1. Past 31 Å, Cα to Cα: identify those pairs from Lys36/Lys118; Lys68/Lys142; Lys9/Lys115; Lys36/Lys82, in the order given.
2. Mind grabbing the accessible area of Lys68 for me, 1.4 Å probe, Å², rounded to tens?
3. What residues have an amide H closer than 5 Å to that of Val104, excluding those fewer than 5 places away on the same chain, when H is modeled at 1.01 Å from N in the peptide plane?
4. Tabulate in residue order the Karplus-calculated ³J(HN,Hα) for the range 104-111, using 6.51 cos²θ - 1.76 cosθ + 1.60 with θ = phi - 60°, rounded to whole Hz; enter x for Gly and Pro.
5. Could you sort His35, His99 by accessible area so the largest value comes first, with the probe set to 1.4 Å?
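The values are calculated or read from the model by the stated rules, or taken from the named source; none is laboratory data. Predicted model, so just to flag it, every value in this text is computed and none were measured. Side chains included, ligands, DNA and RNA excluded: accessible areas come from the protein's heavy atoms. Shrake-Rupley method; radii C 1.70, N 1.55, O 1.52, S 1.80 Å.
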Amino acid sequence: MTSHDQNFKNLFSDFPRQALEWILPQAFEELGNIHKIEFLRQEPKKRKFSDPLFILDLPIMFHFAKKKLLLWLVEFQEDKSKFSAYKIAHYTLDMMESHPDATVIPTVLFTDRIKWRKDVARELTSEFGTETYLFFRYVFIKLFEYQAKDYYDSTNP
């Protein structure tokens, strides 16, 4: 993780409610107020000792008034060429298995400033005939497409 990404991670760690309010405001409309916020272990459990190391940037568990759990997986990605939608899908499935009562929402925040020539995969699908066997999508945010002036009057840090 670059120091640039570490700064974003610190911001989300210090203000998790406000970050969720910015990116997923519908969570509050549907689930009510937050009662508790937990920062979970960044490394999902390995199936075998020889499995590669997976480390999430920021898994956050929100406990809401309506007794629902929302597990928000936030991945900060500065180098688009190192990004893999498959890796995020693996993270998501592992966390769904570890926390079956939670709704898991994978989110990728791209923090690079360069203009992209080619986009990244935003969803994965496996279909045959009329059946869909796997469909995966994550919340895609390219941070520098947002205009700071649009947020000058916001009360959100």
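1. Lys36/Lys118; Lys36/Lys82
2. Near enough 110 Å² of accessible area.
3. HN-HN under 5 Å from Val104: Leu71.
4. Computed from phi, the couplings for the range 104-111 are 9, 10, x, 9, 10, 9, 8, 10 Hz.
5. Ranked list, largest accessible area first: His35, His99.
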